[in-house]
Amino acid sequence: QVRLTAGVSLLQERLQLKMDASYTADPQPGQDRVPDQRWQLHYSTQCCTIMVERLTRAFATPEDRRELHFRIDLRGVGKLLDTSF
C-alpha cells in the first residue's frame, strides 16, 4: 500500500488544492485499489476563508463512507458555516 499526498498553491497562496490518497497494488476481492481519498480546496481573502472538502473511504463492507464538507471562517470572528453532506 502506498500513500500519496500532494498540493498546489495559486494566486499568491490564496487558492490551495490538496489531495491525500492511499493506493493498494493488490487489493482483496471486492476492495478498491484506492480505498481512501481526501480532496480539499481552500480559498482565502482578506476577511474570510472558504473550504470545500470531499472524503471517500471504501471499507471491506458494502457501506462506503462519502462525505462533503463546506466551511466558511471569518477572520477575527470564527466559523460562520460548518456543514457536512
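Since every read-out is calculated from the coordinates, none of them should be taken as a lab result. Model, not experiment: these values are computed from the prediction. Note that we place each Cβ from the backbone using ideal geometry, even for glycine, and neighbour counts take in every protein chain shown.
Would you please state the base-10 log of I(q)/I(0) at q = 0.16, 0.20, 0.23 1/Å for the chain, with intensities from the Debye formula using one equal scatterer on every alpha carbon?
Ignoring solvent entirely, the Cα scatterers give -0.72, -0.93, -1.07.
Sort largest first and round to whole Å: the equivalent ellipsoid semi-axes of segment 19-63, each the square root of five times a Cα gyration tensor eigenvalue. Write down the numbers at each step before the final one.
Values: eigenvalues 203, 22, 3 Å².
So the three semi-axes of segment 19-63 are 32, 11, 4 Å.
Looking at segment 1-75, which trypsin sites (Lys or Arg not before Pro) are in a loop (DSSP not H, G, I, E or B) and have at most 14 other Cβ atoms within 10 Å?
On the way: sites: Arg3, Arg14, Lys18, Arg33, Arg38, Arg54, Arg57, Arg65, Arg66, Arg71, Arg75; in loops: Arg14, Arg33, Arg75.
Passing sites in segment 1-75 are Arg14, Arg33, Arg75.
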